[in-house]
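Inspection log for the structure reproduced underneath, given as structure tokens.
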Amino acid sequence: MEMHDVRAHPSKDELPREKQLAWKMAEVAADPVEVDEESTSMIINRIIDNASVAIASLNRGPIKTARAQAKAHMRNGGATLFGLPQDTRVHAEWAAWANGTAVRELDFHDTFLAADYSHPGDNIPPILAVAQQTGKDGRDLVRGIATGYEIQVNLVKGICLHEHKIDHIAHIGPSASAGVGTLLGLDKEVIFQAIQQGLHTTVSTRQSRKGEISSWKAFAPAYAGKQAIEAVDRCMRGEGAPSPIYEGEDSVLSFILNGRTARDQGKSPYEPTYQVPLPGRGEAKRAILDTYTKEHSAEYQSQALIDLAFDMGPKIKDAGGFDNVKSIVLHTSHHTHYVIGTGSGDPQKMDPNASRETLDHSIMYIFAVALQDGEWHHVRSYAPERAQRRDTVQLWHKISTTEDPEWTRRYHSQDPKEKAFGAKVVVTMEDGTVLEDEKALANAHPDGARPFEREQYIHKFKTLTEGILEASESERFLDLVQRLPNLSAEEVLTLNPVAPNGFLEENGLKGIF
């Protein structure tokens, strides 16, 4: 890997494009290096993972809305939609919109956490949609997805958006644009412009994940994928982009990220420097191997704590039961405390009437239910009657978080043996008894107690699609996807599983389209 220093520049510097981050990412995307066997295997796992959560969400509100919008943009020779047969074809950007929303709705697919947050699997729907519309085969698709992961993961390692209240989809715009560029074999100039447009059109605030969290949380990554496809299309037709998009005097680093902070502190906005790693020429794209999926349908920083709650629940029962808990304090990282903990200052995170999207960003709610139930289910654990249960609300409101500098340090550690996303839990009972335990990594993490392998991805798929897909369709899809590098263009068209006739529900409300 090569480390690239990135900072804002005044216009008078006339920064050469060869020194701009977007150009360096375009060089990675245009590099014809093949994807190795280990990374290819993980790409297959993540397509299975995406399909699992997408099929499970087919009849949820946001997915019905996105699907209705996509079906208003039919196209012969277009891309396919989750749940619908191959002969239902829509424009690729609208397929990315509908399929990306389905993948994101349950907050249940892969994750990568470093300087910022990310769900790199959000790159798959737009890249797959373009592959289907343009007649690309399995090998092309693998290469495009590998690039999408490579760019997003390395941006997340180097550039923190959350610190400045910018939503993490701003890293998807460039990564999906680069991935589509690799898929189509475009030259560096086109990819360079598309990456810049992809970023410029996807910068938005983190209010989508703050306070009363709405269905936009599911739509947001799909929007970035849709914008990336449109950006590539424009640039293929000869259009350009605001440049330099990262380093420009009035651009992202200078006015939205640390440059603005520097101004507020009376410093030069051109001083802060980010370091972004990227593979060198001819170096394999392996960033997908740094990512991890979820065993439980909740914010990733809750994964280890859900596993820990399963362990601690019986101990609390033995110590007097949940009614006799005086307090529960989760000693955890800055991000966990301020994003999904009491450090957020969001009263909605303690509200029994909160939306599902809000509850899956409340570690207090999640830990209470996981303690009591000893399980976590993507539907039952969020049901209104579950959230409003009196004994649950009482326990939930006894839980708080606090930042522990050591957990924050481990969260940001670059040493894989130290990096952790967990917490220490201190339970104090009414009689003064104290129970303590801690967990650094989720069981399903690559370094956890029970790492996910192909067998676990297939089990997750079958569990989430049971009662939805017919057995023959489930087996067809699993056989097909595991042959991914060798698939023909015609077979790539069938990579989205099809629900049985009569299963899909529709959004009956009228819109513009």
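The values are calculated or read from the model by the stated rules, or taken from the named source; none is laboratory data. A quick note: this is a predicted structure, and the numbers were derived from the prediction, not measured. In this analysis, Cβ positions are derived from the backbone assuming ideal geometry, glycine residues included, and neighbour counts consider all displayed protein chains.
Being of a type in the set (A, V, I, L, M), outside the structural domain of Pro352 (by TED's automatic domain parsing), at pLDDT below 95 and part of a helix (DSSP H, G or I) narrows it down to one of Ala224, Ala228, Ala218, so name that one.
The conditions single out Ala218.
Thr273 is checked against (1) in contact with a Lys or Arg (Cβ under 7 Å, 6 or more places away or on another chain); (2) closer than 19 Å to Leu141 by Cα; (3) not charged (D, E, K, R) and fails just one. What number does that condition carry?
Among (1) in contact with a Lys or Arg (Cβ under 7 Å, 6 or more places away or on another chain); (2) closer than 19 Å to Leu141 by Cα; (3) not charged (D, E, K, R), Thr273 violates only (2).
Only one of these is surrounded by 13 or more Cβ atoms within 10 Å (Cβ to Cβ) and modelled with pLDDT under 95: Pro416, Pro446. Name it.
Within the list Pro416, Pro446, the selection yields Pro446.
Filter the range 94-109 down to the residues that are buried (at least 24 other Cβ atoms within 10 Å of the Cβ) and of a type in the set (D, E, K, R) and list them by number.
Arg104, Glu105, listed by residue number.
Taking the options Ala102, Ala178, name whichever one is at pLDDT 95 or above, closer than 18 Å to Val203 by Cβ, part of a helix (DSSP H, G or I) and small (Gly, Ala, Ser).
Ala178
Could you tell me whether the range 311-329 includes any residue that is closer than 23 Å to Leu113 by Cβ and surrounded by fewer than 16 Cβ atoms within 10 Å (Cβ to Cβ)?
yes
Quick grid of which residues meet (1) crowded, with 24+ Cβ neighbours inside 10 Å; (2) charged (D, E, K, R); (3) touching a residue at least 40 places away in the same chain (Cβ under 8 Å); (4) not in a helix (DSSP H, G or I):
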| residue | (1), (2), (3), (4) |
| --- | --- |
| Val53 | yes, no, yes, no |
| Asn59 | no, no, yes, yes |
| Lys64 | no, yes, yes, no |
| Arg67 | yes, yes, yes, no |
| Ala70 | yes, no, no, no |
| Pro85 | no, no, yes, yes |
| Pro126 | yes, no, yes, no |
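If Tyr457 satisfies all but one of (1) on the phi > 0 side of the Ramachandran plot; (2) assigned to a helix (DSSP H, G or I), what's the number of the condition it fails?
(1)
Applying the selection to the range 387-409, what residues are in a helix (DSSP H, G or I), under 16 Å from Ser302 (Cβ atoms) and within 26 Å of the chain's Cα centre (by Cα)?
Within the range 387-409, Ala387, Trp407 meet the criteria.
Looking for whichever is among the charged types (D, E, K, R), part of a strand (DSSP E or B) and modelled with pLDDT of 95 or more here; the options are Lys326, Lys315. Which one fits?
From the options Lys326, Lys315, the qualifying one is Lys326.
From Leu155, Leu113, which residue is touching a His at 6+ places or on another chain (Cβ under 6 Å) and in contact (Cβ under 8 Å) with a residue 12 or more places away in the chain?
Of the residues listed, the single one that is touching a His at 6+ places or on another chain (Cβ under 6 Å) and in contact (Cβ under 8 Å) with a residue 12 or more places away in the chain is Leu155.
Determine which single condition Met25 fails, assuming it passes every other condition in (1) of a type outside the set (Lys, Arg); (2) in contact with a strand residue (DSSP E or B) (Cβ under 8 Å, 6 or more places away or on another chain); (3) not in a helix (DSSP H, G or I).
It fails just one condition, (3).
Across the range 423-451, what is the number of residues that are under 29 Å from the mean Cα position of the chain (by Cα), farther than 16 Å from Ile399 by Cα and either among the aliphatic types (A, V, I, L, M) or in a loop (DSSP other than H, G, I, E, B) (or both)?
Residues in the range 423-451 being under 29 Å from the mean Cα position of the chain (by Cα), farther than 16 Å from Ile399 by Cα and either among the aliphatic types (A, V, I, L, M) or in a loop (DSSP other than H, G, I, E, B) (or both): 12 in total.
Can you work out which of the residues in the range 352-368 that are free of Cβ contacts under 8 Å to residues at least 40 places away in the same chain and under 25 Å from Thr101 (Cβ atoms) is surrounded by the fewest Cβ atoms within 10 Å (Cβ to Cβ)?
The qualifying residue surrounded by the fewest Cβ atoms within 10 Å (Cβ to Cβ) is Asn353.
Please go through the range 30-51 and pick out each residue that is of a type in the set (D, E, K, R), in contact (Cβ under 8 Å) with a residue 40 or more places away in the chain and assigned to a helix (DSSP H, G or I).
Glu38, Arg46, Asp49 - these are the residues of the range 30-51 that are of a type in the set (D, E, K, R), in contact (Cβ under 8 Å) with a residue 40 or more places away in the chain and assigned to a helix (DSSP H, G or I).
What number of residues within the range 189-215 satisfy the criterion of being surrounded by 19 or more Cβ atoms within 10 Å (Cβ to Cβ) and under 22 Å from Arg17 (Cα atoms)?
Final tally of qualifying residues: 13.
Any idea how many residues of the range 162-175 are assigned to a loop (DSSP other than H, G, I, E, B) and either crowded, with 24+ Cβ neighbours inside 10 Å or among the polar types (S, T, N, Q) (or both)?
So the count comes out to 1.
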